[in-house]
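The values are calculated or read from the model by the stated rules, or taken from the named source; none is laboratory data. The shown structure was predicted, so the numbers you read here are calculated from the model rather than taken from an experiment. Glycine also receives a Cβ, built like all others from the backbone with ideal geometry; neighbour counts cover every protein chain displayed. Heads up: the accessible areas ignore ligands, DNA and RNA and are worked out on the full protein's heavy atoms, side chains in. Shrake-Rupley method; radii C 1.70, N 1.55, O 1.52, S 1.80 Å.
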Amino acid sequence: MKIPVAEPMAAAGLELLRSQPGWQVVASNPKEYLQHLADADALVVRSAVKVTSEVLAKAPRLRAIGRAGVGVDNVDIAAATAAGVLVMNTPGGNAVAVAEHTLALMLAMARSIPQASSSTKNGLWEKKKFLGSELRGKTLGIIGLGSIGREVARRARAFEMKVVACDPYVSLRAVEDVSVQLVEMGELYAASDYIALHVALTPETRRMIGREAFAGMKDGVRLVNCARGELIDVAALREAIESGKVAGAALDVFDQEPPPSSYPLFGLDRVIATPHIAGATEEAQEIVGVRIAEQLAEY
Ligand code: MLT
C-alpha cells in the first residue's frame, strides 16, 4: 500500500502509519504530493491541500482520504464518493485546542492585548486607553454545539459567563452535560455580548453571518471565528465594525487563506487575527495524527 502524506503530520502519526506491515508512507508537502498519486492507495491531508475532482482523477487506485482534523470542506466529498473513495476525519481530536484559542481571543478582545502589547513595545504607556472589560457576567452565544462548542461552553462557565447556544442538530443530552441554554438564532443574536462560531462550512452555513444577522445583534457585540472564514460576509462585517455595531472581531480563519495584507478587515484596529492556528497545538496535532493513522489502519 502506498500512502502519501500531503502535509506536515505529527511524528507519532507518521510512525504509526510506517509501522503497518507492507505500507509505503511518503511524507510529502502540498507542492509535491501530486506526483505520488498515480499509485496511491490512501492519502492523508490537513487543511491546505484541496482534494478536488481533478486531484482524484490523478489517483485511480485511491480508496481512502484521511483528513487529520475536523473540517472536510477541503475535500470534494461528492466527487470522492462517486469515485468510491472513503473520506474520514477526526472529530473532537482538536476540540480542546480550538476551545482554548477561542477563549484566548475573547480575552484578547476584552483586554485589547495585541493592541496594548504593540503600544507598550513602541514606548507608550497608555493605561487609560486600554481600560478593559470582564467576561464575568457577560453572555456568550455559541453557534454550533458540537465537540468544540461544548468545550468552549465549559470554559466560558469557568469565567462566570452565561452561555446560550443555537444548534438545530444537537441532542438534549449534550446540552445537559454542559448546562447551556438552547435558543433560536434570533434570540442568541439579541442576547449575546460575545458570539463564537463553531459550525462546519456547508451550503446552509456559508455567509450565515451577514447584514441581516448583524442587524439582530446587540450593539457592541464581539465576534470570534475559529471555524471557517466563509461563514462570515466580510463586507457586512466591515460595515458592522465601522458603524460600531461590532466592537471587536477575532478571526483565526479567512475566506482566502492565507489572506493578502490588503485583506479588507486588516486595516481596522478592532480586528485581531491569527493564521488558522486554533487547532494547532502539539497535543492536538498528535491526537489527530494518531487517530487518522489508526482509522486508516482499521479501514
Ligand atoms: C480543523 O478543521 O480541524 C481545524 O480548522 C484545524 C485544521 O484545519 O486543521
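Data overview
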item: Residue (of SER47, SER133, LEU223) at the positive-pole extreme of the chain, dipole from beta-carbon charges; result: SER133
item: Within the chain, helix-based [θ] at 222 nm, where runs of 4 or more DSSP H residues each add -39,500 (n - 2.57), nearest 500; result: -9500 deg cm²/dmol
item: Residue with peak Gaussian network fluctuation, the chain [Cα springs, cutoff 10 Å], from GLU32, GLU126, GLU184; result: GLU126
item: Local electrostatic count at GLU176 - Lys and Arg +1, Asp and Glu -1, tallied over other residues with Cβ under 14 Å; result: +2
item: With DNA, RNA and ligands ignored, accessible area of THR205 (1.4 Å probe; Å², nearest 10); result: 20
item: Trypsin sites (Lys or Arg not before Pro) within region 1-47: DSSP coil, no more than 15 neighbouring Cβ in 10 Å; result: LYS31
item: Lys/Arg +1, Asp/Glu -1 at C-beta; the chain dipole; positive extreme among ALA236, MET109, LEU265; result: MET109
item: Pairwise FRET efficiency - TRP125 versus SER53, Cβ, R0 = 41 Å, nearest 0.05; result: 0.10
item: Under the span-like rule (Cα at least 27 Å along the axis, Kyte-Doolittle mean at least -0.5), DSSP H helices of the chain; result: none
item: Rounded to the nearest 20 debye, dipole of the chain from Cβ charges on Lys, Arg, Asp, Glu; result: 580
item: Of THR120, THR90, THR202, the one that fluctuates the most in a GNM where the chain has Cα springs shorter than 10 Å; result: THR120
item: Filter on LYS2/LYS50; LYS162/LYS218; LYS127/LYS218; LYS129/LYS162; LYS50/LYS218 - keep pairs with C-alpha separation over 25 Å; result: LYS127/LYS218; LYS129/LYS162; LYS50/LYS218
item: The chain, accessible surface, carbon-and-sulfur percent (1.4 angstrom probe); result: 52
item: Gain in span if fully extended, ALA190 to ALA215, counting 0.36 nm per residue against the direct Cα distance; result: 8.1 nm
item: Sequence of ASP167, ASP252, ASP269 from largest to smallest accessible area, 1.4 Å probe; result: ASP269, ASP167, ASP252
item: Residue among HIS101, HIS36, HIS276 with the largest mean-square fluctuation in a Gaussian network model of the chain, springs linking Cα atoms under 10 Å; result: HIS36
item: Trypsin sites (Lys or Arg not before Pro) within region 73-138, DSSP loop, no more than 13 other Cβ atoms inside 10 Å; result: LYS127, LYS128, LYS129, ARG136
item: Theoretical gain in end-to-end length, GLN20 to GLU239 [0.36 nm per residue, Cα-Cα removed]; result: 73.5 nm
item: Region 165-205, accessible area per residue, ligands and nucleic acids excluded (1.4 Å, Å²); result: 53
item: Estimated dipole of region 178-299 in Debye, rounded to 20 [Cβ of Lys and Arg +1, of Asp and Glu -1, Cα centre]; result: 380
item: Separation between Cα centres of region 245-299 and region 130-179, rounded to whole Å; result: 20
item: Surface accessible to a 1.4 Å probe, THR52 within the full protein complex, Å²; result: 50
item: Region 28-38 - phi-based ³J(HN,Hα) in whole Hz, Karplus 6.51/-1.76/1.60, Gly and Pro as x; result: 10, 8, x, 7, 10, 5, 4, 5, 9, 7, 3
item: DSSP-assigned coil residues among trypsin sites (Lys or Arg not before Pro) in region 157-229, each with at most 16 further Cβ atoms within 10 Å; result: ARG206, ARG207
item: Candidate residues TRP125, TRP23: accessible-area rank, largest first, probe 1.4 Å; result: TRP125, TRP23
item: Part-to-part distance (alpha-carbon centres) for region 91-129 and region 39-60, which is given in Å; result: 36
item: 1.4 Å probe accessible area per residue over region 56-164, in Å²; result: 49
